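Step one of this worksheet: look at the structure below.
Any read-out appearing in this document is the output of simple, stated calculations on the displayed coordinates, not a laboratory observation. All figures in this text were calculated on a predicted structure; none of them were measured in a lab. All Cβ positions, glycine included, derive from the backbone under ideal geometry; neighbour counts span all protein chains shown.
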Amino acid sequence: MDDRAKLELFENAPPARAVMTMAVPTIISSLVMVVYSLADTYFVGMLGDPVQNAAVTLASPVLLAFNAVNNLFGVGSSSLMSRALGQKDHDTVRRTSAFGFWCALCSGLIFSLGYTAFRGTLLVGLGADEITIGATGEYLFWTVSCGAAPAILNVVMAYLVRAEGASLHASIGTMSGCLLNILLDPVFILPWGLGMGAAGAGCATFLSNCFACGYFFVLLFLKRRSTYVSLSPRMVRFSRIIVVGVCMVGIPSSIQNLLNVTGMTVLNNFTSGFGADAVAAMGIAHKVNMVPMQVAMGFSQGIMPLISYNYGSGNAKRMKDVFFFAARISLGMITVISVGYYLGAGGLVALFMDNPAIVGYGSRFLQGMCLGLPFLCMDFMAVGVFQACGLGEKALVFAILRKIVLEIPALYLLNWVYPLYGLAYAQLAAEVVLATAAVVVLARLFQGLAQKTDTA
């Protein structure tokens, strides 16, 4: 995308066209990522072994922890890059992208070494017992010991590319790895292939992330004369404007994901007390519920460069128009999907494992989870605006409210009131409160920006 096309998209295109240009590729790539995650669960489920399926579920908090790094250097860097583009500060764009890339690479290597060194302790902390610890450890060997760096770089580079408007290229890179994973899963997992079980799912994920990283390296090399994204170590500068600019958005976003890991770990530990069938069912329900969550997240991430750019250039009206169009479309879609999920929960869970006990557990879990989706969508949209505007402290407050103040206490309370099944309603309880708060805070934010514009 040349400079003239970038300016047209960010400054002049109708809000509907700008939002759809940025959001649709992001949504599609997010959905493909969910499909590839579901593929792990689906093909492992074909083995008919709850232990193998439970291993994938128990490992999920570690993989969620990657998102803490993704958001620190991906969301943080892309937000600063887009605001700098709005101010026509291209040198800051280049230095910020190089800073984000190299910090992400180092973090991935630290993840690998840390997990390998403390493997036994971490597996017990994840809720693995003597039955599931072997399969869980084999899965994490490929996804973390070998695969942490490519998994993190894949996502961070997509953020960097998307920050200057190349949403389609960002999505193609992400999807290329996901589609390869879907193709490799049955070969590595099932008995007619390599028969590796959960470990095969991990190996396929590792190889697919390596492939996606390769796509981004080739893309940035070919576009080196027309892009402001730089991976050169010579461009890395630990200047105050870059470090503070990235961290002000990235650290709150990272903490938000670490809190998600904490919440998932608490949920898995509660569920594991009811046996491997319950753990497998909770994992399936959670991953099925991720599909509409990723649609909402795709809209939120897709509009972030538009919001950041126009915040940097001082165009409050265009920010507001972009947000409200995206909010109307995403809330409508998520509400329709939620109704479909509630009515068809049993059939959706049965697609992944033909086990009456797991289907029984999973359908009730999914019905509880899907009720919170419309409220979660509003929360995602609000946090996306905060991150785009560099208001990391507001995003952090929402993250703390979601997990520490509301959701984790709700897990304890609802499991006591309604053992096991009450766990699925904790998110709903938290998101109703947060969605209400989001509407209030966003109204004040847009009002303040409009007043600032009027007085300028």
Read phi for every residue in segment 89-102 and hand back ³J(HN,Hα) as whole Hz from Karplus 6.51 cos²θ - 1.76 cosθ + 1.60, θ = phi - 60°, with x for Gly and Pro. 9, 6, 5, 5, 4, 4, 5, 5, 5, 5, 4, x, 5, 5
Choose one of L220, L126, V156: the residue whose Cα lies farthest towards the positive end of the charge dipole of the chain (beta-carbon charges +1 Lys, Arg; -1 Asp, Glu; about the Cα centre). L220
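On a full-extension model of 0.36 nm per residue, what is the gain between D129 and N269, subtracting their alpha-carbon distance, rounded to one decimal in nm? It would help to have the intermediate numbers written out before the result.
Working: separation 140, 0.36 × 140 = 50.40 nm, distance 1.06 nm.
Additional length available on full extension: 49.3 nm.
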Round to the nearest 0.05 the FRET efficiency obtained for T116 and L183 when R0 = 25 Å and r is the Cβ-Cβ distance. 0.30
PRE reach from W102 (point 7 Å along Cα→Cβ): which of segment 149-183 fall under 13 Å by backbone N? none
Cα-projected label distance for W192 with R224, points at 7 Å along beta-carbon direction, nm: 4.6 nm
Positive end of the charge dipole of the chain (Lys, Arg +1 and Asp, Glu -1 on Cβ, about the Cα centre): tell me which of A285, S171, C203 has its Cα farthest that way. S171
Add -39500 (n - 2.57) for each DSSP H run of 4 or more in the chain, then divide by its residues: what number comes out at 222 nm, to the nearest 500 deg cm²/dmol? -27000 deg cm²/dmol
Cα gyration tensor, segment 66-113 - rounded (a/c under 1.5), prolate or oblate: oblate
Please work out the Cα center distance from segment 354-432 to segment 144-190, rounded to the nearest Å. 26 Å
Mind checking which of L428, F238, M369 is farthest towards the positive end of the chain's charge dipole, using Cβ charges of +1 (Lys, Arg) and -1 (Asp, Glu) about the Cα centre? F238
Under 5 Å between amide hydrogens, which residues at least 5 positions from L194 or on another chain qualify, with H placed 1.01 Å from N in the peptide plane? F188, I189
Return C213, C203 ranked ascending by Cβ neighbour count within 10 Å, so the fewest neighbours appear first. C213, C203
Expressed as an acute angle from 0 to 90° and rounded to the nearest 10, what is the orientation of the C-alpha long axis of helix 316-343 relative to the principal long axis of the chain? 20 degrees
Could you give the length gained by full extension between A437 and R240, i.e. 0.36 nm per residue of separation minus their alpha carbon distance, to one decimal place? 67.7 nm
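Going through the cross-link list K88/K403; K223/K403; K223/K394; K287/K452; K88/K452; K287/K394, which pairs have a Cα-Cα distance over 32 Å in this structure?
On the way: K88/K403 38 Å; K223/K403 41 Å; K223/K394 36 Å; K287/K452 43 Å; K88/K452 21 Å; K287/K394 28 Å.
Going by Cα-Cα distance, K88/K403; K223/K403; K223/K394; K287/K452 fall outside the 32 Å limit.
Whats the longest run of the chain with zero chymotrypsin sites (Phe, Trp or Tyr not before Pro) that are DSSP loop and have at most 11 other Cβ atoms within 10 Å? Walk me through the intermediate numbers first.
Working: sites that count: F118, W192, F238.
The longest such stretch corresponds to 239-456.
Return the FRET efficiency for the residue pair W416, Q447: r is the Cβ-Cβ distance, R0 is 41 Å, and the value is rounded to the nearest 0.05.
Working: r = 42 Å, r/R0 = 1.02.
Efficiency, from the Cβ-Cβ distance: 0.45.
Hey, got the dipole for segment 14-455? About the Cα centre, +1 on K and R Cβ, -1 on D and E Cβ, debye to the nearest 20? Present the calculation step by step, with values, prior to reporting the outcome.
Values: 24 positive and 17 negative charges, 385 e Å.
That gives segment 14-455 a dipole magnitude of about 1840 debye.
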Each label point is 7 Å from the Cα along the Cα-to-Cβ direction; what then is the distance between the points at F324 and R17, in nm? 2.1 nm
